[in-house]
1. Under a point spin-label approximation (7 Å from Cα along Cα-to-Cβ), what is the residue 272-residue 30 distance to one decimal in nm?
2. Expressed in whole Å with the largest first, what are the equivalent ellipsoid semi-axes of the stretch 36-195 derived from the C-alpha gyration tensor as the square root of 5 times each eigenvalue?
3. Report the extension gain between residue 23 and residue 110 in nm, rounded to one decimal, defined as 0.36 nm multiplied by the number of residues separating them, less their alpha carbon distance.
4. Rounded, prolate or oblate: pick one for the stretch 147-343, where a ≥ b ≥ c are the square roots of the eigenvalues of its C-alpha gyration tensor, a/c under 1.5 means rounded, and failing that, prolate if a/b is larger than b/c, else oblate.
5. What ranking, highest mean first, results for peptides 111-122, 133-144 when packing means the other Cβ atoms within 10 Å averaged over each residue?
6. Sticking with the crude label model, points 7 Å out along Cα→Cβ, report the distance from residue 294 to residue 10 in nm, one decimal please.
7. Output the relative contact order of the chain, whole-number percent, from Cα pairs under 8 angstrom with separation of 6+ residues.
8. When the chain is modelled as a GNM with alpha-carbon springs shorter than 10 Å, which of 87, 157, 313 fluctuates the most?
């Protein structure tokens, strides 16, 4: 089913962006280019969120694949919006191994003879606007669904929860990064749940369930499963952000260290004797590859990598417990159980 979902989502996204570009042409080449960049930013993802929408919807008796695809597109576009804004916050210029929206528009400005400061300002402006447009587009996809008003309202509430909670998590993440004291593991985990697990796992699953007309017990079980597996996924993502292969992940393994990102890795390290030397280099904007290698060695030596992996495994266990105790169709339970296992074992 994954390939079918991926293909359907890509087809629908192409149609959505083609319509937007046609409308944008009226407002000039730069605005059309912004939509082109937004479409490029949405390409190349794993399509996890549409897959979860479809898994819950079809697994709980839904039959209208086109309807599920529209909801899946909403969550995929929402994801794109968050990635674009996250890159602005982190001042990153690369996403999935390619220049992101900010980088593309900064390059356009430089090509026109603008200076570095003006080019950077244009890049950030374009990225903020692209993220805003994607947020609006996600809500539009849900608002225009041909379904009864009650279900549409519930889906809009789910989408609102995704945005509301994720914003809280993003803010907490930046606050933690700038704090003189490292957050405890519990605070890191709460931030991971808010920033990623809710919008990436809980909300797509509950949206698919609500769309299918599932009962509240099933919706609640999928919400809890989604939060647990989402935390496991993000712990693994943070591990890959330091110890992964950039050629596979498409992400730098230095930027999180240079930014001083607080993760399960750093939360564990802060409880060890190695923290004094790690914290002295963590968050250094001038950190080079050699310095990053030293930090990785220190995190490995103090047991941070093993501790983070164990924590991810614990959340996978919690997610599977929710599946085992819920009244869900066996096929859906099996599919989501397999996904839980992959959340902590993936390489990208």
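1. Taking the two extended label points, one gets 5.0 nm.
2. Details: eigenvalues 190, 99, 34 Å².
Working from the Cα gyration tensor, I get semi-axes of 31, 22, 13 Å.
3. Stretched fully, the residue 23-residue 110 segment lengthens by 28.6 nm.
4. Working: a/c = 2.53, a/b = 1.95, b/c = 1.30.
It is prolate, given that a/c is not under 1.5 and a/b is the larger ratio.
5. Top of the packing list down: 133-144, 111-122.
6. Each label point is offset 7 Å from its Cα along the Cβ direction, giving 4.5 nm.
7. 17
8. Taking springs between Cα atoms under 10 Å, the residue moving most is 157.
Only the coordinates and a few stated rules stand behind these numbers; no lab work does. Everything numeric here is computed off the predicted structure, so don't read it as measured data. Every residue, glycine as well, gets a Cβ built from its backbone with ideal geometry; the counts of neighbours run over all protein chains shown.
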